[in-house]
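The values are calculated or read from the model by the stated rules, or taken from the named source; none is laboratory data. Keep in mind it's a predicted model, so treat the numbers as computed, not measured. Note: ideal-geometry Cβ built from the backbone for every residue, glycine included; neighbour counts use all protein chains shown.
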């Protein structure tokens with residue numbers, strides 16, 4: 001896979017990546033089925049598809065973890081602001 005393709009995958013959202021992943025897994029199954037029927041054994045095509053699937057899955061995992069971390073940070077910031085507000089209100093009293 002070329003760098004430009006990887007960059008374009010990284011710009012996609014989680015839903016688009018999941019869709020791409022499903023499509024590529026389906027294509028891999030089709031390739032394997034056609035290999036079992038025909039005498040033409042293009043093993044490199046299987047390797048390329050598997051490699052692409054693993055890269056998409058890795059990017060998808062990275063995005064999911066980033067979203068999880070961001071949501072935890074937002075919750076933490078909210079709690080810190082609440083505790084600061086409580087401290088300020090107590091000091092005014």
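Numerical summary
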read-out	value
Residue among 32, 76 that alone is at pLDDT below 95 and more than 27 Å from residue 6 (Cα to Cα)	76
Those residues of the stretch 1-12 which are loosely packed, with under 10 Cβ neighbours inside 10 Å and either under 20 Å from residue 61 (Cβ atoms) or at pLDDT 90 or above (or both), in sequence order	3, 7, 11
